[in-house]
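Every read-out reported here was derived from the displayed coordinates using simple, explicitly stated rules and does not represent laboratory data. Note that this is a predicted model, so its numbers are computed, not measured. Neighbour counts run over all protein chains shown; Cβ positions are idealised from the backbone, glycine included.
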Amino acid sequence: MSENVNNNNNINPPTEGGEEEEANSLRFIMELEFVQCLSNPKYLNFLAQNRYFQDKAFINYLSYLLYWKKPKYAKYIVYPQCLYFLDLIQEERFRQELNHFQSAEFIHQQQFYHWQYYRNNRMAIKEEQQQQQQQNQPENQDQQIPPLQPQPIQ
C-alpha cells in the first residue's frame, strides 16, 4: 500500500495498463521457457519421477499450453521438438513411459542422432533436387523456345 502513496499522502491509482502489460509479458516469457524445457527428455523424466504427471491440474496446464503450436506463437520457439513432446505428453502411455530412465535416455539418444544427421541428410536431399532440376532443363539454350517479339501493326 505504501507504494501507492506519495509524499503528500495522496493515493495514486495503480497504472493498470503498464502493470498488466508487464505481467502478460512476464507470463509469456515464463510459458515460453517452460514449453521449450519440454524438449529435454531428461527434464520430462524428472517431471515423471516427481509425479507431476499424476497431478490433474498440471495435465490441464499442459493441455492449455497447446496454443504454442499456433504459428502466431510457434515463431518464438527455438527448439521445435518441444511442440512434438507437448503433443506426446497429452498421451497417458507416454507419460507412464517417462517414469523409466531408460525410455528417457532412448528418446534423448534418438533426438541427438536426429540433430547430428539431419543437416547432412537435408543437404544431400537438396543437392539431389538441384541435380534433378539441372537434368530437366534443356542442355542447350538454343533448344528453348524464344520469347514472342511484338510485331508492328500494318
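Using 1/(1 + (r/R0)^6) with R0 = 30 angstrom and r between the beta carbons of residue 33 and residue 117, what's the FRET efficiency to the nearest 0.05?
The computed FRET efficiency comes out at 0.60.
Separation between the residue 108 and residue 66 pseudo-spin-labels, each 7 Å from Cα along Cα→Cβ, expressed in nm?
So the label points at residue 108 and residue 66 sit 2.9 nm apart.
Give me the net charge of residue 106's neighbourhood, meaning all other residues with Cβ under 14 Å from the Cβ of residue 106; Lys, Arg count +1, Asp, Glu -1.
Working: positive: 42; negative: 97, 105.
Around residue 106, the surrounding residues sum to -1.
Could you check the simple spin-label distance between residue 56 and residue 20, using points 7 Å along Cα→Cβ, in nm with one decimal?
Each label point lies 7 Å from its Cα, and together they span 3.2 nm.
Identify all lysines with a Cα-Cα distance to residue 75 below 27 Å; exclude those on the same chain that are fewer than 8 residues away in sequence.
Straight-line reach from residue 75, under 27 Å: 42, 126.
Along the Cα→Cβ direction, 7 angstrom out, place labels at residue 130 and residue 101. What is the inter-label distance in nm?
Result: 4.6 nm between the two label points.
Among 48-58, 89-99, how do they line up by average Cβ neighbours within 10 Å per residue, starting with the highest? Walk me through the intermediate numbers first.
Working: 48-58: 12.9, 89-99: 15.3.
So the order, starting with the most tightly packed, is 89-99, 48-58.
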